[in-house]
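First comes the structure, then the notes that go with it.
Bear in mind these aren't lab numbers, they're just calculated from the coordinates by the rules spelled out. These figures come from a predicted structure and were not determined experimentally. No Cβ is skipped: glycine too gets one built from the backbone with ideal geometry, and neighbour counts run over all protein chains shown.
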Amino acid sequence: MNKQTGFKVLVLAAVLTTGVATVPTNASAAKWHKGTPKVIRGTYQGKRTSAAEGFGYVYKVTSKSFIQQYSNMSQEKTTKLKYKKLKGHTYRLVGHTQKRGMVLGGKFDSVVYQKGHKLSLDTYKSYKKHGYKYLKRQLKKNPAKLTKKIKSNGRIVKD
């Protein structure tokens, strides 16, 4: 191989290497991830809304499931979850709710807003209709607070 051919091969290799390095990637914050976000995992409990309730509603978030429990109602367990970050502290969760007792099961599509140790939940359809501010207002009314132990017969919150 002569000097001119070797030089051309070297320049071609440099151009190809630079071209590959400058190709943009498709990494974005709006892509879907499996499971649930680490920041919202834990057990959350809200306050009672009537005297007939034995305890306030409970959300239990693990890496692979989202469980909702309301007093005097069947537990709603959602699995096969995936999530996408919508805004700061706001995530869209999509999965399948299992058939159990009075719960018919089916598609689960909700938005979770988490700030500090408080969490609020709304359906994605309602989030699209009312917007982000409605979700933040719910957090101020009767938020689910992070807890280690489920408490019964707590204070009653009026709407």
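Can you classify the stretch 86-141 as rounded, prolate or oblate using the Cα gyration tensor, where a ≥ b ≥ c are the square roots of its eigenvalues, rounded means a/c under 1.5, and otherwise it's prolate if a/b beats b/c and oblate if not? Walk me through the intermediate numbers first.
On the way: a/c = 2.11, a/b = 1.86, b/c = 1.14.
In terms of gyration-tensor shape, prolate.
How much length is gained if the chain between Ala51 and Ser152 is pulled fully straight, taking 0.36 nm per residue apart and subtracting their Cα-Cα distance, in nm to one decimal? Let's see the in-between values first.
Working: separation 101, 0.36 × 101 = 36.36 nm, distance 1.13 nm.
Taking 0.36 nm per residue and subtracting the Cα distance, the gain is 35.2 nm.
Using a simple charge model, +1 on the beta-carbon of Lys and Arg, -1 on the beta-carbon of Asp and Glu, nothing else, what dipole does the stretch 33-147 show about its Cα centre, in debye to the nearest 20?
Numbers: 28 positive and 4 negative charges, 110 e Å.
Its charge dipole is roughly 520 debye.
How much length, in nm to one decimal, is gained on full extension between Arg41 and Lys80, taken as 0.36 nm per residue of separation minus their Cα-Cα distance?
Numbers: separation 39, 0.36 × 39 = 14.04 nm, distance 1.56 nm.
Extra length from Arg41 to Lys80 when fully extended: 12.5 nm.
Looking at this model, which pairs from Lys84/Lys118; Lys34/Lys145; Lys80/Lys158; Lys77/Lys125; Lys31/Lys149; Lys128/Lys149 are more than 29 angstrom apart at the alpha-carbon?
Table pairs above 29 Å Cα-Cα are Lys80/Lys158; Lys31/Lys149; Lys128/Lys149.
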